[in-house]
1. Which one of these is more than 11 Å from every other protein chain (Cβ to nearest Cβ), buried (at least 19 other Cβ atoms within 10 Å of the Cβ) and small (Gly, Ala, Ser): B:Ser38, B:Ser24?
2. Of all residues in segment B:58-68, which are modelled with pLDDT of 95 or more, out of contact with any helix residue (DSSP H, G or I) (no Cβ under 9 Å at 6 or more places or on another chain) and surrounded by 13 or more Cβ atoms within 10 Å (Cβ to Cβ)?
3. Which of (1) within 20 Å of A:Pro43 (Cα to Cα); (2) within 12 Å of chain A (Cβ to nearest Cβ); (3) in contact with a helix residue (DSSP H, G or I) (Cβ under 8 Å, 6 or more places away or on another chain) does B:Arg55 not meet, given it meets every other one?
4. Over 17 Å from B:Gly42 (Cα atoms), in contact with a strand residue (DSSP E or B) (Cβ under 9 Å, 6 or more places away or on another chain), surrounded by fewer than 12 Cβ atoms within 10 Å (Cβ to Cβ) and polar (S, T, N, Q): does that describe A:Thr57?
5. Which condition number does A:Phe63 fail, the rest of (1) out of contact with any Phe, Trp or Tyr (no Cβ under 6 Å at 6 or more places or on another chain); (2) closer than 19 Å to A:Gln25 by Cβ; (3) of a type outside the set (S, T, N, Q) being met?
6. Hey, among the residues in segment B:69-106 that are among the aromatic types (Phe, Trp, Tyr) and at pLDDT 95 or above, which one's nearest to B:Asp1 (Cα to Cα)?
7. Of the numbered conditions (1) out of contact with any helix residue (DSSP H, G or I) (no Cβ under 8 Å at 6 or more places or on another chain); (2) more than 10 Å from chain A (Cβ to nearest Cβ); (3) over 15 Å from B:Gln68 (Cα atoms), B:Gln44 satisfies every one except a single condition; which is it?
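The values are calculated or read from the model by the stated rules, or taken from the named source; none is laboratory data. These numbers were taken from a predicted model, which means no experiment stands behind them. Glycine also receives a Cβ, built like all others from the backbone with ideal geometry; neighbour counts cover every protein chain displayed.
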Amino acid sequence: GQSLEQPSEVTAVEGAIVQINCTYQTSGFYGLSWYQQHDGGAPTFLSYNALDGLEETGRFSSFLSRSDSYGYLLLQELQMKDSASYFCAVVSYNFNKFYFGSGTKLNVKP
Amino acid sequence: DSGVTQTPKHLITATGQRVTLRCSPRSGDLSVYWYQQSLDQGLQFLIQYYNGEERAKGNILERFSAQQFPDLHSELNLSSLELGDSALYFCASSVVGGGAGTDTQYFGPGTRLTVL
């Protein structure tokens, strides 16, 4: 089977840095992706990591450690508009399996 | 606006019925993905089509089917509906067919299905 664990809720203040962790257990792991979803909105693709290391895209970075079955999403210089749910998702071999975590609700406070 | 359109926005129907959800991808995108989001099951990948061919299948029930037409729009057919099928159904599109989660996907606004 497979499982993904991420915190259900995280709170941080505007301008701060926050890290949302994701640990996974799956067979045939291929990569880890991240999505953002505002309340009442559609998901937005943020990043995909297939290799170990950090990938940076503006204020957002995503990290993967295949040996630790662990990844994280790092959000810097938090803004109020970053308040949303963030989902990690595992891609497994042949791309036939794609599983989402239950999501982390990020609350950014002034 | 992602450029992906979905119709209808809302759909209310009864158990046992059949419905069709429609998705038009962004211009130039060859891949279409379908997702279901419900309180019980969370966000789930259902199926992917690439240039008319089924590319990957996720947690799609046998009562559900999809297809992608030559003009690249896609339809998701849900039959013998049950109360538990009530959910938001999202369609997403991407330029390439690298597989769900591996490349930038653009999501439509979703169709909210309510089964009574």
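1. B:Ser24
2. B:Ser65, B:Ala66, B:Gln67, B:Gln68
3. (1)
4. yes
5. The number of the failed condition is (1).
6. Among them, the one singled out is B:Phe90.
7. (2)
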